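The values are calculated or read from the model by the stated rules, or taken from the named source; none is laboratory data. Values in this document were obtained by computation on a predicted structure and should not be read as measured data. Don't worry about glycine lacking a Cβ; one is built from the backbone with ideal geometry, like all the others, and counts go over all protein chains shown. To get the accessible areas, we keep the full protein, side chains included, count just its heavy atoms, and leave off ligands, DNA and RNA. Shrake-Rupley method; radii C 1.70, N 1.55, O 1.52, S 1.80 Å.
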2 protein chains.
Amino acid sequence: MQNFDVEKLHPGLSIDCVIFGFHENELKILILKLKNLNKWALPGGFVEVDKDVDAEAAEVLKRRAGLENIFLRQFYLFGDVARNENDHARKMVDQEVIAPELRDWFEQRFVTVGYYALVEYSKVKAPTPDYTSESCEWRSISELPSLILDHRDILARAHATLKKELNNQPIGMNLLPDHFTMSELQALYETVLEKKLDRRNFRRRMLSYDILIPTNKRRTGVAHKAPMLYEFDRKKYQEAMVSGFRSTW
Amino acid sequence: MQNFDVEKLHPGLSIDCVIFGFHENELKILILKLKNLNKWALPGGFVEVDKDVDAEAAEVLKRRAGLENIFLRQFYLFGDVARNENDHARKMVDQEVIAPELRDWFEQRFVTVGYYALVEYSKVKAPTPDYTSESCEWRSISELPSLILDHRDILARAHATLKKELNNQPIGMNLLPDHFTMSELQALYETVLEKKLDRRNFRRRMLSYDILIPTNKRRTGVAHKAPMLYEFDRKKYQEAMVSGFRSTW
DNA sequence: ACAAAAGTGTTACGCCTACACCCATGA
DNA sequence: TCATGGGTGTAGGCGTAACACTTTTGT
């Protein structure tokens, strides 16, 4: 059971991270199974009073997924009173997840800052649970177990934000391996957007963005014609992230 | 000097609102002149522990501008430690803006939630200062006085967000009078975007959005040919706000 | 009458969509 | 050899940018 110094923490403020990964054509997120409870939670944490909120979010990502310098974006503050459940703190004490003397701290009204991260599935070697949880696992967003509090809403908003951002920004770096085929990139888009795209038009458009570098290698060993492998032009990718794609005005 | 019950407030959490208005072809915001200080501030406030954050932002808007049911959007949480200035609370006490016993409350580390609102300039009859301020005024964003803390950054981010949103959503309702000419609407766009637009193409595009209703009235009394007055189709406008304009995927 | 803004139309170009065809590979 | 996915090309339509001309009004 964890005992920490709540004096050093910003009161009533927490962080929740939706950590997206892509594997086997499915969009997955990292979630934690709470000790002694049949509920799961998004990776999160609190904010030390002398730390930047964004930096604390990066800390969460580092501790749970072992990754640093990853795309991580604040997308919303969840500030409704109703997101606090009266007996949530009590349950945590009952199940010996937290020490009884911390109950007051956990029972105060919390607002939480939502972040989402895009990470490469295979680079997360050992998802690490925190003191409240017995395991940390990748789960497909289409078959999620029951989540605590408003974590399902937080995920939904993160996903919606991601979908919207696809119109202005590239995606893929940090989410795909260094080398990937056009089809794999397309599968990522189709999964995030939850719709099918035309293969040929997708290719043309992607190439027109000028952020891909064709390597001379091909993926072999799988069935059918060996596809070309691409990598991202990191410089141009970053430029596209900053300036965005098509603004109409 | 204001004395309020800080026990009822969410600790270390504030709200700041960028309230945009449009007048004489200039984008303006409401700012407050602080008592006994030569500094200005965005309208803001604190969050009662039993109130939704969004609702408290709406309260700020209501108290300062006297408006309700107005477009109001949360756009960012400003959570850097550096945004807190050591002597800000001390100055407030020194200048008798707040009671000395509130100094501890004001000296804690704060994070602030940024909101922006679009309001009709002429509907704000009497901008109302709060207990920290001696006046509340419209000021053009191009000639702003010195603002406290990171309020200039907050404004910049609000403006950037607004610019970006113009690609997906309509603007104008709540910012223009009920009836307006095409040129006035274009002037609003040009002001927000900080660039000139082609008159004829602008008209065509706006009409294609199908959110405008031409009235049979014309603006008279001014020089030159009397222009047609339009109003927004409120139902279709709202639909466009929800579904957005052009998504490329 | 004239200056200045309002209203309307046209052309050219580029982008996006919706397709069909051939190629390469493992089974 | 054949099923399956990879790679390339093209015709048509739509939207946008870049334009010129006429109309109306107050001065």
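Just a few scattered comments:
- Label-point gap, in nm, between residue B:49 and residue A:14 - each point 7 angstrom along Cα→Cβ: 1.6 nm
- Taking amide H as placed 1.01 Å from N in the peptide plane, residue B:169 has its amide H under 5 Å from the amide H of B:245, each at least 5 places away in sequence or on another chain.
- Where trypsin sites (Lys or Arg not before Pro) in DSSP loops with at most 11 other Cβ within 10 Å are excluded, longest remaining stretch of chain B: B:1-124
- From the C-alpha gyration tensor of the stretch B:109-210, square roots of 5λ in Å: 29, 17, 12
- Heavy-atom accessible area buried between chains A and B is around 3200 Å² (1.4 Å probe, both sides summed).
- In this calculation the C-beta distance from residue A:36 to residue B:74 is compared with R0 = 35 Å, giving a FRET efficiency of 0.50.
- Scattering profile of the stretch A:180-243 at q = 0.19, 0.24 Å⁻¹ [log10 I(q)/I(0), Debye over alpha-carbon scatterers]: -0.82, -1.15
- Estimated FRET transfer efficiency (residue B:126, residue B:243; beta-carbon r; R0 35 Å; 0.05): 0.45
- Nm distances between copies for residue B:146, ranked from closest, using label points 7 Å along Cα→Cβ: 5.8
- Karplus (6.51, -1.76, 1.60) ³J(HN,Hα), θ = phi - 60°, over the stretch A:85-94, in Hz, Gly and Pro reported as x: 9, 3, 9, 5, 5, 4, 4, 4, 5, 4
- What the phi angles of the stretch A:106-114 give under the Karplus curve with 6.51, -1.76 and 1.60, with θ = phi - 60°, is a coupling list of 6, 8, 5, 6, 10, 10, 10, 9, x Hz, glycine and proline written as x.
- Using the alpha-carbon positions of chain B, Rg (one decimal) and Dmax (whole number) come out as 20.0, 63 Å.
- Inter-copy label distances at residue B:178 (7 Å, Cα→Cβ; nm, one decimal): 6.5
- Choice from B:178, B:104, B:153 showing the highest fluctuation, given a GNM over chain B with Cα pairs closer than 10 Å: B:104
- Approximating the spin labels as points 7 Å out from Cα along Cα→Cβ, the residue A:218-to-residue A:193 distance works out to 2.8 nm.
- Here is the list for the stretch A:120-175: chymotrypsin sites (Phe, Trp or Tyr not before Pro) lying in DSSP coil, each with at most 14 other C-beta atoms within 10 angstrom of its C-beta, are A:131.
- Proximal aspartates and glutamates relative to residue B:217, as straight alpha-carbon distance under 12 Å, when same-chain residues fewer than 8 apart are discounted: B:231
- Taking amide H as placed 1.01 Å from N in the peptide plane, residue A:212 has its amide H under 5 Å from the amide H of A:233, each at least 5 places away in sequence or on another chain.
- Percent antiparallel among DSSP beta bridges (both partners in the protein assembly as shown, rounded to 5): 70 percent
- Three-way shape call for the protein assembly as shown based on the alpha-carbon gyration tensor, with the a/c threshold at 1.5: oblate
- Three-way shape call for the stretch A:49-119 based on the alpha-carbon gyration tensor, with the a/c threshold at 1.5: prolate
- Here's how it looks for residue B:181: its modeled amide H is under 5 Å from those of B:230, which are all 5 or more places away or on a different chain.
- Computed from the C-beta positions of residue B:135 and residue A:7 and an R0 of 35 Å, the FRET efficiency is 0.30 to the nearest 0.05.
- Label-to-label distances for residue A:225 across copies, nearest first, come out at 5.7 nm, using points 7 Å from Cα in the beta-carbon direction.
- Pairs exceeding 23 Å between alpha-carbon atoms, taken from A:39/A:91; A:33/B:8; A:125/A:164: A:33/B:8; A:125/A:164.
- In order along the stretch B:121-132, the phi-based Karplus estimate (6.51 cos²θ - 1.76 cosθ + 1.60, θ = phi - 60°) of 3J(HN,Hα) comes to 3, 6, 7, 8, 6, 9, x, 10, x, 9, 5, 8 Hz; Gly and Pro are listed as x.
- Gap separating the Cα centres of the stretch B:40-91 and the stretch A:87-143, nearest whole Å: 29 Å
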